[in-house]
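Structure first, commentary second.
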Amino acid sequence: MSARGSGRRRRLAARTATRLGVLCALGALGVLAFAAWELWGTGRKEAAVQQELRTAFEFVEGSTTTSSAPSAADDVVADVEPDLPGGISAELARARFPEDGDALARLEIPAIELDKFVMRDVDRESLQVGPGHYRGTPRPGFSGNSAIAGHRSTYGAPFKRVDELAPGDAITVHSADGIFSFKVVSPAAAFGDRLDTIDPDKVAAGSVIVDPSDTWVVSDFGDARLTLTACHPEFTSRKRIVVVAELVSEAVPLAAVFGGLDADELNELVTEDLGVLENSAS
């Protein structure tokens with residue numbers, strides 16, 4: 001073998017190695033760019049929509065100033081729509097029964113510096129712009145288990161720090177139905193004997209880790225509570241972290257809000273098709 005041929009092969013090998021190195025570097029940059037978009041770009045989208053929701057929600061916050069249920073008299077204004085439940089105004093009806101893209105409530109959790117507007121569903125589009133309310137659970141402040149899901153790692157990561165919540169931490173929900181105060185409770189207080197079905201290693205002071213199929217955590221426990229769920233650990237969807245808070249202010253009596261409707265009509269208004277934990281956020 002000639003020295004010239006051997007040199008050509010070495011130069012070819014060197015050029016090939018250089019090209020592969022460049023390709024690997026470009027691939028790594030592409031991965032980093034995608035990760036940056038997932039964390040920063042999606043967050044910008046969420047922040048922009050949240051600001052729009054804040055402006056649109058000003059009417060709701062202006063109409064509810066106490067933690068107790070609003071009176072029927074307060075609901076009836078000059079431009080009453082006769083076909084709407086309880087004779088409420090069209091504007092208040094829109095706030096109480098938001099459409100896709102509207103906010104259902106404002107969620108404040110000072111312990112983790114959270115102040116976000118909650119969307120009316122937990123579908124993909126809703127969770128990209130804020131926490132979402134599980135269809136099929138009551139709205140916050142009503143009797144039953146009102147459940148909300150949120151992302152922990154992308155789209156503003158509203159529930160990134162839910163694992164830091166502890167018993168006694170305050171949660172406030174503002175909606176067209178009123179302003180409601182909740183207090184985080186321990187898993188033992190939240191689930192009682194059902195806690196025995198959960199691995200003790202998955203139980204913390206203020207939260208539990210469950211499988212996505214454990215939809216019983218958002219079922220009705222016969223009280224008035226708020227349940228927060230998110231994927232766990234961060235950047236995965238293998239498990240769900242669950243935090244429960246009990247209502248410490250007065251629950252909304254449905255008849256005071258929607259006078260003249262029977263029990264079946266009331267239940268139909270405040271609940272929809274049951275959402276499932278598998279569809280909650282990562």
Hits in segment 149-185: amide N under 18 Å from the 7 Å Cα→Cβ extension of R54, namely 155-159, 172-175
For G136, the residues 5 or more places away or on another chain with a placed amide H closer than 5 Å to its own amide H are E272, D273, G275
Note: segment 128-171 at 20 °C, 1.002 mPa s; Kirkwood Rh on alpha carbon pairs; Stokes-Einstein D in µm²/s works out to 181
The long-range amide H neighbours of A105, using H built 1.01 Å from N in the peptide plane and a cut-off of under 5 Å, are V118
If R0 = 25 Å, then D102 and R44, at their Cβ-Cβ distance, give a FRET efficiency to the nearest 0.05 of 0.75
For 196-207, 240-251, ranked highest to lowest by mean beta-carbon neighbours within 10 Å, the order is 240-251, 196-207
Given a Förster distance of 25 Å, the FRET efficiency implied by the Cβ-Cβ spacing of E113 and D223, rounded to the nearest 0.05, works out to 0.35
Label model pair R124, E234: point-to-point distance (7 angstrom along the Cα→beta-carbon line) in nm is 2.4
For 167-180, 137-150, 43-56, 213-226, ranked highest to lowest by mean beta-carbon neighbours within 10 Å, the order is 137-150, 167-180, 213-226, 43-56
Taking only the alpha-carbon positions of segment 126-260 as identical scatterers, the Debye log10 I(q)/I(0) at q = 0.10, 0.13 Å⁻¹ comes out as -0.31, -0.53
Here, A166 and V248, labelled 7 Å along Cα→Cβ, have an inter-label distance in nm of 1.5
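Just so you know, all these numbers are worked out from the coordinates, no wet-lab data involved. This structure is a prediction, so every number in the text was calculated from the model and none was measured. Here Cβ is always computed from backbone atoms with ideal geometry, including for glycine, and neighbour counts include all displayed protein chains.
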